Amino acid sequence: MPGIHKNVQWLSILLPLALFAPLASAAPDIPLFSVSGNEGSQEYSTTLQILLLLSAMSFLPALLLVLTSFTRVVIVLSMLRQAIGLQQSPPNPVIVGLALFLTLFIMQPVFDQAWQQAVQPWMAEELSFQQAIEQGSVPFREFMLSQTRPSALNQMSDIAALPAATSVDEVPMTVLIPAFVISELTTAFQIGFMLFIPFLVIDLVVASVLMAMGMMMLSPLVVSLPFKIMLFVLVDGWSLIVGTLAASYQ
């Protein structure tokens, strides 16, 4: 777990800075404050790099959504809660927290590869900052290509009017990222559909029994909810969901 934390810490700094690296390198000095005394005044200045760094940090949530498995995991967990029929349990912070740590678990090989190929050589001054960004993006690009559906990639390539002879390795990130997100949404909804089926069967059985007993005024959802929770616990549902999500990326 310390290795994951170290990788995520450095990648969370390098990835946003990639968007602002050209601007930061050419940013002029701006006056910060001046001090006056008997021997004259002295002006202290800072560069726009600090301002650009603070601005880049706001892109971290967006990078987490579009470059990792977080989108698929959080959607599946949210749809599971809806399938069971629970509105606020587990609460949203629990779902987001579980999705975040599952994302770190799934993305650990990618983080490790980016750490070894980009961050460590950059810290050892063997690579420039721009070269480190290029080397660090390679594992993420390979991960996204492995999870992107060809139909989504072809659709985004047609929208971007890329040449027909463009190979998969030459597809720009501006085309690959939306294709990857669309593929993640499609896969998440497919898994969510499979989750709804057993709980829907329980709702239909309970509704049929209540109708046969003449209890028309009693909501089937009130009666079926304990049975759905009991079924989910008996089959060790959380372990099955986590295992399915992790196996879907292999």
Practice task
Keeping the other protein chains in place, figure out the carbon and sulfur percent of the accessible area of the range 52-208, with a 1.4 Å probe.
Solution key: 67
Practice task
Against the globular-protein guess of 2.2 N^0.38 Å, express the Cα radius of gyration of the range 64-187 as a ratio, rounded to two decimals.
Solution key: 1.26
Exercise for the section: Provide the packing ranking of 131-137, 66-72, i.e. peptides ordered by the mean count of other C-beta atoms within 10 Å per residue, highest first. Expected result: 66-72, 131-137
Practice task
At a temperature of 25 °C and a viscosity of 0.890 mPa s, determine how fast the range 66-117 diffuses translationally according to Stokes-Einstein, using the Kirkwood radius over alpha-carbon pairs as Rh; express D in µm²/s, rounded to the nearest whole number.
Solution key: 205
Exercise for the section: Take every Cα-Cα distance within the range 84-150, group them into 10 Å bins from 0 onward, and report for each bin the whole-number percent of pairs it holds. Expected result: 19, 31, 26, 16, 6, 1
Exercise for the section: Using only the alpha carbon atoms of the range 172-238, find the Kirkwood hydrodynamic radius as the inverse mean reciprocal pair distance, in angstroms to one decimal. Expected result: 14.6
Fill in the blank from the handout: Rg (one decimal) and Dmax (whole number) from the Cα set of the range 130-250, in Å, equal 22.3, 72
Problem - 1.4 Å probe accessible area per residue over the range 89-208, in Å² - result: 56
Fill in the blank from the handout: Between the residues 180, 140, 155, the Cα farthest towards the positive end of the dipole of the range 120-203, that dipole coming from +1 and -1 charges on the beta-carbon of Lys, Arg, Asp and Glu, is from 155
Practice task
Work through the residues other than residue 183 whose Cβ is under 13 Å from its Cβ and net out their charges, Lys, Arg +1 and Asp, Glu -1.
Solution key: +1
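The values are calculated or read from the model by the stated rules, or taken from the named source; none is laboratory data. The shown structure was predicted, so the numbers you read here are calculated from the model rather than taken from an experiment. All Cβ positions, glycine included, derive from the backbone under ideal geometry; neighbour counts span all protein chains shown. We work out accessible area using only protein heavy atoms, side chains counted, and drop any ligands, DNA or RNA first. Shrake-Rupley method; radii C 1.70, N 1.55, O 1.52, S 1.80 Å.
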